[in-house]
Amino acid sequence: MAAPPFAALFDMDGVLIANTNFHINAWLQFAHKYDRPLTLEQYVENINGRVSADSMAYVFQRPISPGELIVLTEEKEAIYRELYRPHLQTAPGLLDFLDTLQAKNVRLAVGTSAPESNVRFTLDGLSLRPYFDAIVDASMIHHGKPDPEIYLTAAERVDVSPDQCVVFEDAFAGIEAGLRAGMVVIALTTTHTRDELATTGATLIVDDFTQLNVATIQELLP
């Protein structure tokens with residue numbers, strides 16, 4: 001088999017699916033239940049794109065024990081899944097884009113801060129799992145985004161060097177993680193505006209996958 005031209009590493013929430021508002025509402029409901037007021041601005045700056053251990057520590061303003069983290073995370077994610085289930089669908093242009101990448105022998109991976117329960121909900125609920133050569137979720141890493149570990153791990157799993165990997169992200173923390181991993185980062189405007197994303201150092205900003213093709217991506221690689 002020919003060597004892959006590059007690897008495409010996808011964040012899940014806000015990238016494979018346009019679900020940001022549902023996560024926001026779930027976090028607001030969850031925080032309100034525990035009398036921990038949370039604003040949209042606080043969500044964007046301190047929660048979006050980060051692993052649950054960091055997010056919960058921010059909401060409760062204290063370290064969260066491993067056992068407590070499991071319970072709290074599943075409680076919050078159950079709220080999210082209930083809110084989003086009737087609306088579960090792939091992001092615009094995603095399926096055609098994945099088909100095109102596969103046809104070009106591009107290696108595909110998911111690198112998500114989401115727990116495994118949400119990975120099942122999304123990838124299996126939308127029959128996306130067969131597209132991906134590797135899936136790295138929050139349980140498989142020690143350091144969450146913006147640390148580059150999740151994307152470096154994904155690159156290793158698909159056997160492609162970091163400088164030949166393209167990361168697709170929507171969150172500030174994820175964009176930083178991809179850049180720190182030495183990868184090309186394409187930012188999608190599902191969570192932030194173009195002006196906001198322009199401050200991140202992302203290599204390219206697009207609205208959705210209909211604006212991308214393999215030739216354009218290859219031009220971004222060294």
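Throughout, read-outs are computed from the coordinates displayed, never taken from laboratory work. Bear in mind that the values here come from a model prediction, so they are computed numbers and not experimental data. Glycine also receives a Cβ, built like all others from the backbone with ideal geometry; neighbour counts cover every protein chain displayed.
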Can you work out the FRET efficiency for the pair Arg62 and Thr199, with r the C-beta to C-beta distance and R0 = 35 Å, to the nearest 0.05? 0.70
Could you give the spread of the C-alpha atoms of the range 20-86 along their three principal axes, from largest to smallest, in whole angstroms? 33, 25, 22
Given R₀ = 41 Å, what would the calculated FRET efficiency be for Leu88 paired with Ala3, taking r from the Cβ atoms and rounding to 0.05? 0.70
Report, in whole Å, the centroid distance computed from the Cα atoms of the range 158-184 and the range 1-26. 12 Å
Looking at the calculated P(r) for the chain, what percent of the C-alpha pair distances fall above 30 Å? 18 percent
Could you give me D for the range 154-222, from Stokes-Einstein at 25 °C and 0.890 mPa s, where the hydrodynamic radius is the Kirkwood radius over C-alpha pairs? Units µm² s⁻¹, please. 201 µm²/s
